[in-house]
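Notes follow the structure.
Please treat every number below as a calculation from the coordinates, not as lab data. Note that the structure is a prediction, hence the values are computed from the model and not measured. Neighbour counts run over all protein chains shown; Cβ positions are idealised from the backbone, glycine included.
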Amino acid sequence: MATLSLQHLDKIYDNKVQAVYDFSLDVKDGELIVLVGPSGCGKSTTLRMVAGLEDISAGRLLLDGKDITQTPAKDRDMAMVFQNYALYGHMTIYENMAFSLTLRKENPNVIHKKVLAAAEILGLTEQLNKKPAQLSGGQRQRVAMGRSIVRNPKVFLFDEPLSNLDAKLRGATRREILLLHKRLNATMLYVTHDQTEALTLADRIVCMSMGHVQQVGTPLELYDTPANLFVASFIGLPPMNFFTVQVGEDALVSECLRVPLTAEEKELLKPYGGKEIVLGVRPEDIVSGGDIPVRVFSNENLGMNTLVHGHVMGKERITCKLRGWCDYRAGDTVPVSFVRKHFFDKETTNAIRGEA
Amino acid sequence: MSMNEDRFIQRDRMRFTKNTLSSGLALLAILFNVLYFVSIYKSDVGSYYYNIRMGASVLYNLLFMLVVFLCSEGVKSYKSSFAWVLLVIGALQIARIFYLPLTAHTAVVTVSKQKTIVMQNAQFIRVIVYLAASGACCLLAGIVGIRKSRALAAHMAGLEQKAA
C-alpha cells in the first residue's frame, strides 16, 4: 500500500479555464479519502490528475515519496473504477477481470488465482462465466472493482462509482466498498457528489467548490464544525437553515427572529457586537417547544422523524427535523427552539470560532 | 507453485476459459477446405466436371463449412459431442482425397483433339495437401476437444466431491 501527497496542484486547461486551484493533500497509507462537492467543482479533474489522465499544470504529485507528476498513467500503479464500469461486453466476467493482467503477459495460472481471489472477495464467483449484460448494475460495478483488485495497485481511484445505481443498490454497494476497504486496507481516493456516500465511507473528506478546497477533515469535523457557509450548506441532509441576524447584547436578532445567546456564545461573538452575521442551525438541532414560532406549510413524515417546512414569522424559511411522527397541517404554528447554533462571518463566509 | 497445484490450476482455468485451440483448429480446417475448393476446378478440361459429382461436391463443401463452424463453437465450450463430429468429418476429409482428386488425377480428356490429364501433378499435390491439412486440423481439434472435455468433466466431478 502507499502514501500519496498532492502538493499545490493546479489544473489550467488550454482555453485558460482553471479547474483546480492550489490543491494540497497528504493521504496516509490505507486511508480512504472522499472528494466531495457539486458538479464542476474540480473533484473529478483532481482524481484524473492523480491517475495521470490529465496533465498537472502546476504542483507535484508524490507516491510513496517518489515524484510521479510526469509519470505516464500506465506506470503509476493506480487502478481507477469509473462510473460507467468500462467493462468489455463481449468478454466474460472472468476475462474482464483477467484482462489487465493478460495484457501484462502474467502467468495464466497466477492470473487465475488472482481473479478467483478477487471474485471471492466480491462475491462474484458464481458470475465468472457470465457476460456483463447478464449482471445487475451493482454486480457490474463489483466487476469493475475486481478488475482493479487483481492488479493489486498501490492506490485505488473511484470516480463516482455508484452514480449509475438505484438508491437501494447504491446503499448495498456502498457498504461493500467500505468492507472492501477494511479488508484490503488500501489507500483509496473516492470522488462523489453525494454527501451521504462521503459521510459514510470516508476516513477524511475533502470538500471542494469552484476548484478550491473548502475544508479537509473527518466526516464528523465537517458535519460538526463546518469551516464556512459552503461546507455547512453542502454537508447535512436536509441542509442547514441560515438566518442573517444582528449580534445584540444578549441575543441574535432579526426582523422575525430573536435567539438568546449563552454566556459562551456572547464571548465568542463579542468582536461582532452590533454587526450582522449568519446564524446556521441544522434541522436536527431544532426541537419542538420554545419561543420561535414556525408556521407550517408542509409536513413530511419519515417514520422516526418528521420534516417540518415552514416560515418564521411569515418570512424566514426554515426546515425542522422533529422527533417522532407529527401530524402538523399547513397553517399550524409550532413553537421551536435551537439546541445548537453555528455562526458565520457574513462577509468572509467563514465560521466564527473560538479563536476568531 | 508445486507441480500438482500447477496442474490443478491449469484444469481449473478451463472452467472459465474457452477451448480456443480446438476452435481455432476447426476454423483452420475450414480455411484449408476453402483453398481446396477454389483450387480443384479448372475450365480447360472440357466437360469433365459437368456432372452430378460437381453438384454433390459443392453441396458437401458448403455443408462441411457449416458443420465445422458449428463444431468449432461447440468444442470451444468443451462439448465432447461436437469433438466426435469433428473426428468423423476429419476422417471423411482424408477419404475425399481418394474420391474426386484421385479420379481427376487419373482421368484423361480430349480437348481440341489433344489428350489431357484432368488434374496435373502439381495441382493434385496442392489439392491433397489442402484436403489432408483440413482433415488433420479437424482430427486434431476433435482429439484435443475430447481430451479437454474429459479433463474438465473429471475436474468438475472432483470439485463436486470435495464440496460434498
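DSSP loop chymotrypsin sites (Phe, Trp or Tyr not before Pro) in the range B:63-164 with at most 15 other Cβ atoms within 10 Å of their Cβ, which ones?
B:Tyr99
Mind checking the alpha-carbon convex hull of the range A:152-268 and giving the volume per residue in Å³?
160
Would you pull out the residues with amide H under 5 Å of A:Met313's amide H, same chain only if 5 or more places away, H placed 1.01 Å from N?
Residues meeting the amide H criterion: A:Arg295.
In the calculated pair distance distribution of the range B:29-116, what percentage of Cα-Cα distances lie above 20 Å? Don't skip to the end; give the middle numbers.
On the way: 1672 of 3828 pairs.
The answer is 44 percent, as a whole percent.
Please report the antiparallel percentage of DSSP beta bridges with both residues in the protein assembly as shown, rounded to the nearest 5.
Beta bridges within the protein assembly as shown, antiparallel portion: roughly 75 percent.
For the range A:189-250 and the range A:117-182, what is the separation of their C-alpha centers, rounded to whole Å?
Answer, in whole Å: 28.
Regarding the range B:81-164, what's the average projected area of the Cα-atom convex hull, expressed in nm²?
6.1
In whole Hz, with x marking every Gly and Pro, tabulate ³J(HN,Hα) for the range A:242-254 from phi via Karplus 6.51 cos²θ - 1.76 cosθ + 1.60, θ = phi - 60°.
Karplus values, whole Hz, x for Gly and Pro: 10, 9, 7, 9, 9, 7, x, 4, 10, 7, 9, 10, 9.
Taking loop as defined by DSSP and a crowding limit of 14 other beta carbons within 10 Å, which GluC sites (Glu not before Pro) in the range A:247-318 fit?
Values: sites: A:Glu249, A:Glu255, A:Glu264, A:Glu265, A:Glu267, A:Glu276, A:Glu284, A:Glu300, A:Glu316; in loops: A:Glu249, A:Glu255.
Loop-located and lightly packed - A:Glu249, A:Glu255.
Grab the beta carbon distance between B:Tyr50 and B:Asn4, set R0 = 60 Å, and tell me the FRET efficiency rounded to 0.05.
So, using R0 = 60 Å, E works out to roughly 0.45.
Once you have the Kirkwood Rh of chain B from its Cα pairs, apply Stokes-Einstein at 20 °C and 1.002 mPa s and quote D in µm²/s.
This corresponds to a translational diffusion coefficient of 121 µm²/s.
If amide H atoms are built 1.01 Å from N in the plane of the peptide, which residues on other chains or at least 5 residues away come under 5 Å of the amide H of A:Phe158?
For A:Phe158, the qualifying residues are A:Val81, A:Leu189, A:Tyr190, A:Val191.
Per 5 Å bin, what is the whole-percent P(r) computed from every C-alpha pair distance within the range A:139-186?
Going from the shortest bin to the longest, the percentages are 5, 19, 35, 27, 11, 4, 0.
What is the sum of charges, Lys and Arg at +1 and Asp and Glu at -1, for the other residues whose Cβ falls under 13 Å from the Cβ of A:Pro132?
Surrounding charge for A:Pro132 is +4.
For a quick check: with amide H placed at 1.01 Å from N, whose amide H comes under 5 Å from A:Lys130's, ignoring anything fewer than 5 positions away on the same chain?
Excluding prolines and chain starts, which carry no amide H, the hits are A:Ile93, A:Tyr94.
Using only Cα atoms and rounding to the nearest 10 degrees, what angle (0 to 90) does helix B:20-40 make with the longest principal axis of chain B?
The two axes meet at around 0 degrees.
When only Cα pairs under 8 Å and 6 or more residues apart are kept, what is the percent relative contact order across chain A? If you can, show how the numbers build up before the last one.
Working: 742 pairs, mean separation 55.3, N = 356.
Taking the mean separation of contacting Cα pairs over the length of chain A, I get 16 percent.
Highest mean first, how do B:34-44, A:212-222 rank when packing is the count of other Cβ atoms within 10 Å averaged over residues?
Top of the packing list down: A:212-222, B:34-44.
Can you work out the Karplus-derived ³J(HN,Hα) for every residue in the range A:102-118? Use 6.51 cos²θ - 1.76 cosθ + 1.60 with θ = phi - 60°, whole Hz, and x for glycine or proline.
4, 4, 7, 6, 6, 4, x, 5, 5, 4, 4, 5, 5, 5, 5, 5, 5
Can you grab the distance from the C-alpha centre of the range B:16-31 to the C-alpha centre of the range B:67-128, Å, no decimals?
20
For A:Thr333, project a label point 7 Å along Cα to C-beta. Then give me every residue of the range A:233-272 with its amide nitrogen under 13 Å of that point.
Residues passing the 13 Å test: none.
Tell me, what are the semi-axes, in whole angstrom and largest first, of the equivalent ellipsoid of the range A:4-233 as set by the roots of 5 times the Cα gyration tensor eigenvalues?
Three semi-axes, in Å: 30, 21, 15.
Taking N as the number of residues in the range A:241-345, what is its alpha-carbon radius of gyration divided by 2.2 N^0.38 Å?
Expressed relative to 2.2 N^0.38 Å, the Cα Rg reads 1.09.
What are the ³J(HN,Hα) values, in whole Hz, obtained from phi via the Karplus relation 6.51 cos²θ - 1.76 cosθ + 1.60 with θ = phi - 60°, for each residue of the range A:153-165 in sequence order, with x given for Gly and Pro?
Computed from phi, the couplings for the range A:153-165 are x, 6, 9, 9, 10, 10, 10, 6, x, 9, 5, 8, 9 Hz.
Tell me the trypsin sites (Lys or Arg not before Pro) within the range A:71-161 that lie in a loop according to DSSP and have at most 16 other beta-carbon atoms within 10 Å.
Values: sites: A:Lys74, A:Arg76, A:Arg104, A:Lys105, A:Lys113, A:Lys114, A:Lys130, A:Arg140, A:Arg142, A:Arg147, A:Arg151, A:Lys154; in loops: A:Arg76, A:Arg104, A:Lys105, A:Lys130, A:Lys154.
Passing both the DSSP loop test and the Cβ count: A:Arg104, A:Lys105, A:Lys130.
List, largest first, the extents of the alpha carbons of the protein assembly as shown along their principal axes, each in whole Å.
Over the protein assembly as shown, Cα extents along the principal axes are 128, 54, 53 Å.
If I take R0 = 25 Å and measure r between the Cβ atoms of A:Thr69 and A:Leu184 in this structure, what FRET efficiency does the formula 1/(1 + (r/R0)^6) give, to the nearest 0.05?
0.45
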